[in-house]
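In what follows, a structure is listed as structure tokens, so that the remarks can point back to it.
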Amino acid sequence: MQNFQAYANYYDALYEKKDYQQEVDFLMSCVKTYSSLAVKDILSLGCGTASHDIILAKKGFHILGIDKSEAMVSIAKEKAGKEQVKIDFMVADLTAFKTEKKFDFAMAMFNIMGYMTDDLSVGKFLQNTNKSLKKDALLVFDCWYAPAVLKDKPQNREKKFIIDGKEVTRITTQALDIEKSILSINFEIKEGEKSITKETHPMRFWQRDELERFLSENGFDLIKTSNSRTVH
């Protein structure tokens, strides 16, 4: 099943309380603290509906947003148009994309790394990203940390929203595979009693030494890890 199709239509409403501005501030603090480049061109990996990208575009950055989901990119383009910002978009698999230019900075927010559930995908993703970046450019991403996942195992949840005057329920169930370091998240969206869509998102969680090894093998040095959205 390809994810983020019908689910994409509910995505922004479901995450309307997510603090995108705080996360953009975090990204900018990373640039200020660690980047040796004057950042102008940003590669947004797994851009989704472009909520981070629109904030950054309003700050004057040039952005290429890449996402595998045509539905998400379609919504992103519509949002960028309404906000009157210019953002370039590409529909592509993050393990196989190619860019014509090299970027000063790359970001993969909202656990994009988690979708790389096997070692081959991780390697291809990092290799493609590295090829798309200038020398000494930064890649910033968030991910799930294995000890935290195993200590505080995710719980099944049900959450109700009002979207366009309709009651919408998101039902979330989990299946944990400790051996493979994967948490499969099953989403069901219902309007009233009618099931609209079901999606399963297998998400990988990581040990620090695993990340460091993959990054090193694909041309990156691990500079900093943090358990919060602040840089020290």
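The values are calculated or read from the model by the stated rules, or taken from the named source; none is laboratory data. Small disclaimer: the values here were computed from a predicted structure and weren't measured. Note: ideal-geometry Cβ built from the backbone for every residue, glycine included; neighbour counts use all protein chains shown. Ligands, DNA and RNA are stripped out before the accessible areas are found, and what is left, the full protein with its side chains, is counted by its heavy atoms. Shrake-Rupley method; radii C 1.70, N 1.55, O 1.52, S 1.80 Å.
Within the stretch 62-79, restricting attention to residues that are of a type outside the set (Val, Ile, Thr) and closer than 12 Å to residue 43 by Cα, which residue is most open to solvent (accessible area, probe 1.4 Å)?
Initially, the stretch 62-79 is screened for residues of a type outside the set (Val, Ile, Thr), giving 62, 64-65, 67-72, 74, 76-79.
Applying the additional criterion that residues be closer than 12 Å to residue 43 by Cα yields 62, 64-65, 67.
Values: 62: 111, 64: 22, 65: 0, 67: 19 Å².
Ranking the candidates gives 62 first.
Cβ-Cβ distance below 8 Å, separation of 6 or more or different chains: which pairs start in the stretch 17-44 with a residue that is under 29 Å from residue 93 (Cβ atoms) and end on one that is small (Gly, Ala, Ser) and assigned to a loop (DSSP other than H, G, I, E, B)?
These pairs meet every condition: 43/132; 44/50.
Of the numbered conditions (1) at pLDDT 95 or above; (2) open to solvent by 40 Å² or more (accessible area, probe 1.4 Å), residue 181 fails exactly one; give the number of that condition.
Tallying (1) at pLDDT 95 or above; (2) open to solvent by 40 Å² or more (accessible area, probe 1.4 Å), residue 181 fails exactly one: (2).
For residue 224, all conditions in the list (1) touching a residue at least 24 places away in the same chain (Cβ under 8 Å); (2) part of a strand (DSSP E or B) hold save one; what is the number of the exception?
Here residue 224 meets the rest and fails (2).
Please go through the stretch 142-162 and pick out each residue that is open to solvent by 60 Å² or more (accessible area, probe 1.4 Å), within 25 Å of residue 22 (Cα to Cα) and touching a residue at least 12 places away in the same chain (Cβ under 8 Å).
If the condition is that a residue be open to solvent by 60 Å² or more (accessible area, probe 1.4 Å), within 25 Å of residue 22 (Cα to Cα) and touching a residue at least 12 places away in the same chain (Cβ under 8 Å), then 144, 145, 159 are the ones that fit.
When the stretch 80-118 is examined, which residues are found to be open to solvent by 50 Å² or more (accessible area, probe 1.4 Å), closer than 19 Å to residue 144 by Cα and touching a residue at least 12 places away in the same chain (Cβ under 8 Å)?
110, 115 - these are the residues of the stretch 80-118 that are open to solvent by 50 Å² or more (accessible area, probe 1.4 Å), closer than 19 Å to residue 144 by Cα and touching a residue at least 12 places away in the same chain (Cβ under 8 Å).
Look through 117, 95 and report the one residue that is in contact with a helix residue (DSSP H, G or I) (Cβ under 7 Å, 6 or more places away or on another chain), among the hydroxyl-bearing types (Ser, Thr, Tyr) and modelled with pLDDT of 95 or more. Full working, then the answer.
Values: 117 fails: in contact with a helix residue (DSSP H, G or I) (Cβ under 7 Å, 6 or more places away or on another chain).
Just one listed residue meets the conditions, 95.
Just to be sure I understand, how many residues within the stretch 187-215 are over 29 Å from residue 225 (Cβ atoms) and open to solvent by 80 Å² or more (accessible area, probe 1.4 Å)? First the steps, then the outcome.
Of all residues in the stretch 187-215, those over 29 Å from residue 225 (Cβ atoms) come to 188-199.
Pick out the ones that are also open to solvent by 80 Å² or more (accessible area, probe 1.4 Å) and you get 193-194, 198.
Selection size over the stretch 187-215: 3.
Test residue 59 against the stated conditions and say whether it is farther than 20 Å from residue 122 by Cα, surrounded by fewer than 21 Cβ atoms within 10 Å (Cβ to Cβ) and in contact with a Ser or Thr (Cβ under 7 Å, 6 or more places away or on another chain). Break it down stepwise before answering.
Values: farther than 20 Å from residue 122 by Cα: yes; surrounded by fewer than 21 Cβ atoms within 10 Å (Cβ to Cβ): yes; in contact with a Ser or Thr (Cβ under 7 Å, 6 or more places away or on another chain): no.
The answer is no for residue 59.
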